[in-house]
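None of the figures in this text is laboratory data; all of them are computed from the coordinates on show. Note that this is a predicted model, so its numbers are computed, not measured. Quick reminder, even Gly has a Cβ in these numbers, built from the backbone with ideal geometry, and neighbours come from all protein chains shown.
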Amino acid sequence: MKKDNKINKREEEVNNLKNQLARALADYDNLNKRTLVERQNLSQISSLRIVIKLLPILDMLEDAQKHLADAGLAISTGEFKRILQEEGLEEIIPKIGDKFDENLEEVVEALEGGIEGKIAEVVLTGWKFKEGLVVRHAKVKVYLGLTHKKGKVSLTN
């Protein structure tokens, strides 16, 4: 009987140690995953500071390109955008007629007419990280919409 008790106690101790080891390995794996996510977040934050400063320069280059239609300037702005994309950013380019999305866009003007909540004009494209963090919302003009009341046309909010 004493031998069986000793064997049972040892088996119990071995099982406890196995469980502790499994928990420790799982904790270590979770720590590695958290550390990786934190590193990615820190990288985004450091990129964010410089991107915020560079986006107005890109906007000026694109405006100049619209007026000058210069091939060299087009190449430069294309390279600028390519580098931003390599850094994990993507451009937010709303389309006229799309439904306004407050998560990606900012209304700079509300226009009479059209279908309520639909984009009437894109003033400025936006940028976001592919993982979702918006760096700059796209600036858009949106229709207020029209409703008919007793033969009269009135604006709706």
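Highest GNM mean-square fluctuation among L111, L42, L31, for the chain modelled with Cα contacts below 10 Å: L31.
Applying the Karplus relation 6.51 cos²θ - 1.76 cosθ + 1.60 with θ = phi - 60° to the stretch 23-30 yields 3J(HN,Hα) values of 5, 5, 5, 5, 4, 5, 4, 5 Hz, where x marks Gly and Pro. DSSP finds beta bridges in the chain, and of those with both partners inside it, around 70 percent are antiparallel.
For the chain, the relative contact order works out to 16 percent when only alpha carbon pairs closer than 8 Å and six or more residues apart are counted. The distance from the alpha carbon centre of the stretch 86-131 to that of the stretch 1-76 is 29 Å, rounded to a whole number.
For the stretch 1-87, the convex hull spanned by the alpha carbon atoms encloses 81 Å³ per residue. For the stretch 41-57, the Karplus equation 6.51 cos²θ - 1.76 cosθ + 1.60, evaluated at θ = phi - 60°, returns couplings of 5, 5, 5, 4, 5, 5, 5, 4, 4, 6, 4, 4, 6, 7, 4, x, 5 Hz by residue, with Gly and Pro reported as x. Since only V123, Q85, A24 are under comparison, the one whose Cα sits farthest along the positive direction of the charge dipole of the chain, derived from C-beta charges on Lys, Arg, Asp and Glu, is A24. A cut-off of 5 Å between modelled amide H atoms, ignoring neighbours fewer than 5 places along the same chain, links E121 with K141.
Comparing L55, L68, L84 in a Gaussian network model of the chain, where Cα atoms under 10 Å apart are tied by springs, the biggest mean-square fluctuation is seen for L68. Measuring against 32 Å, Cα to Cα, the residue pairs K9/K33; K53/K99; K33/K95 contain K9/K33; K33/K95 as the ones spanning a longer distance. In terms of its C-alpha gyration tensor, the chain comes out oblate, because a/c is 1.5 or above while a/b does not outweigh b/c.
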